[in-house]
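The values are calculated or read from the model by the stated rules, or taken from the named source; none is laboratory data. Note that this is a predicted model, so its numbers are computed, not measured. We place every Cβ from the backbone using ideal geometry, glycine too, and count neighbours over all the protein chains shown. Keep in mind that these areas ignore ligands, DNA and RNA; they rest on the heavy atoms of the full protein, side chains included. Shrake-Rupley method; radii C 1.70, N 1.55, O 1.52, S 1.80 Å.
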Amino acid sequence: MIHDVPTNAWDLELEELFLRTGARFTRVEPRRRMRDYVRGLLGPVGRKNSWQLAEYAGHATPHSLQHLLSHSRWDTDGLRDDLQAYVAEQLGTPDGVLILDDTGFVKKGTTSAGVQRQYSGTAGRTENCQIGVFAAYATTRGHALVDRELYLPQSWTEDRERCRAARIPDERIFATKGDLARGMILRTLDSPLPIAWVTADSAYGQDSRFRRFLEDAQLAYVVAVPKSQQVNGPRIDHLIAQAPPEAWQRLSAGPGAKGERLYDWAAARLPAVTESDGDEPTRQRWILARRSISRPDEIAYYLACAPLDATVTDLVRVAGSRWKIEECFQSAKNECGLDQYEVRRYVGWYRHITLAMLAHAFLAVMAVQEREKGVTRPTHPTSWPSHQPKSVVCWQLNPATILHGATTR
């Protein structure tokens, strides 16, 4: 077994995390196994399955770690709640963004809970896989995965014998990915995580029920939509095509591996919808477009609902933060074995995924603590609104274009 006495800052922080989550395990044995499992997920283990994690921990066989995932009695959802409290404490800021997305886990066979041939954005094609819907939390301090749900296709939920064989609870019925996302948002609103915004890709953003749900929950959002999305009648791509040249401004969607991710952006305020907003709306709806600099014909589209004082820069920041869940998926898979499990049953999936998320959150916190030593956090510039709208929408003009015009007259 790995030695339990902390010897450095890394071990001390990890020990604190273990102490705050220990109450989810009613007996000492699963508590120790959990510690060994998480240390293995964080350690230099080639493939992070029960066999190799057991070897890293000094166990003669993987049976105790397999028992931890399959049969031990401990509160998996309670551990998720502890993870959310930890992330809120270490990474939370008032303008936090909750990001929704799903990822695929390619699997063989037909017995793993929820597995079937279905489209996986991770693989970019139809594969025999499981799909997990996830929520990530992102701020200027850092980002981490904070919730998860296993998507069960109707082919599973309509076959109760198959569900029982995979230990799927009888009360678990079919739920769309959007339904699962809404459930995670509601849980997160009851958590300590401070959330001001929600963002998601077009699979969620094009669903009007999803957007209305966010507005009813008093959450601001920036969600991707397809170019065919209708906005009060016209298609969004037709509205964006009417943008004057001075409406486009070059802004960063956030830092990437090769520096700032610069794009040209155009945004327009939409008219208030009286029957929804009332006489004195407190929020503003927007359309937003992101255009590639090198390939101007590549345009992504967004719908947004934001506080009245929100700027184009705010919308761009939130839209750009959606990539952070992709970074979470990549690092959690590469560094914490998120996708390297060999469990087939429903309970085992949730337990492995939650422990991998805990390990990933720990890495995110440690990275932020190192990065923020002596670092001043940047401030966000504002954008200038158009004072002379000539369209059904109110375009937000590029301040650099306005200044140039004023100085050359």
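If you check Arg261, Arg317 for being of a type outside the set (S, T, N, Q), at pLDDT below 95, under 24 Å from Leu363 (Cβ atoms) and in contact with a strand residue (DSSP E or B) (Cβ under 8 Å, 6 or more places away or on another chain), only one passes: Arg261. Scanning for something outside any strand (DSSP E or B) and closer than 30 Å to Ala203 by Cβ, does region 19-40 turn up at least one residue? Looking for residues that are outside any strand (DSSP E or B) and closer than 30 Å to Ala203 by Cβ, one finds none in region 19-40, hence no.
For Leu251, state whether it is in contact with a Gly (Cβ under 8 Å, 6 or more places away or on another chain) and open to solvent by less than 50 Å² (accessible area, probe 1.4 Å).
Working: in contact with a Gly (Cβ under 8 Å, 6 or more places away or on another chain): no; open to solvent by less than 50 Å² (accessible area, probe 1.4 Å): yes.
In short, no.
For region 157-185, the set of residues classified as out of contact with any helix residue (DSSP H, G or I) (no Cβ under 8 Å at 6 or more places or on another chain) and in contact (Cβ under 8 Å) with a residue 24 or more places away in the chain consists of Ala165, Leu180, Gly183, Met184, listed by residue number.
Listed residues Asp82, Asp77, Asp102, Asp95; which is open to solvent by 30 Å² or more (accessible area, probe 1.4 Å), touching a helix residue (DSSP H, G or I) at 6+ places or on another chain (Cβ under 7 Å) and within 30 Å of Trp197 (Cα to Cα)?
Values: Asp82 fails: open to solvent by 30 Å² or more (accessible area, probe 1.4 Å); Asp77 fails: touching a helix residue (DSSP H, G or I) at 6+ places or on another chain (Cβ under 7 Å); Asp95 fails: touching a helix residue (DSSP H, G or I) at 6+ places or on another chain (Cβ under 7 Å).
Going through Asp82, Asp77, Asp102, Asp95 in turn, just one is open to solvent by 30 Å² or more (accessible area, probe 1.4 Å), touching a helix residue (DSSP H, G or I) at 6+ places or on another chain (Cβ under 7 Å) and within 30 Å of Trp197 (Cα to Cα): Asp102.
Of the listed requirements (1) hydroxyl-bearing (Ser, Thr, Tyr); (2) more than 30 Å from Thr313 (Cβ to Cβ); (3) open to solvent by less than 40 Å² (accessible area, probe 1.4 Å), Tyr56 misses just one: (3).
Each residue in region 178-203 was checked for being crowded, with 18+ Cβ neighbours inside 10 Å, within 16 Å of Ile287 (Cα to Cα) and hydroxyl-bearing (Ser, Thr, Tyr), and 1 of them qualify. Considering region 47-166, the qualifying helices (runs of 4 or more DSSP H), each wholly inside and each with 3 or more residues that are among the charged types (D, E, K, R), run over 76-91, 160-165. Of all the criteria given as (1) closer than 30 Å to Gly256 by Cα; (2) open to solvent by less than 10 Å² (accessible area, probe 1.4 Å); (3) over 15 Å from the mean Cα position of the chain (by Cα), the one not satisfied by Ala136 is (3).
Looking across Asp147, Asp216, Asp170, one residue alone is open to solvent by 70 Å² or more (accessible area, probe 1.4 Å), over 17 Å from Tyr302 (Cα atoms) and within 22 Å of the chain's Cα centre (by Cα). It is Asp216.
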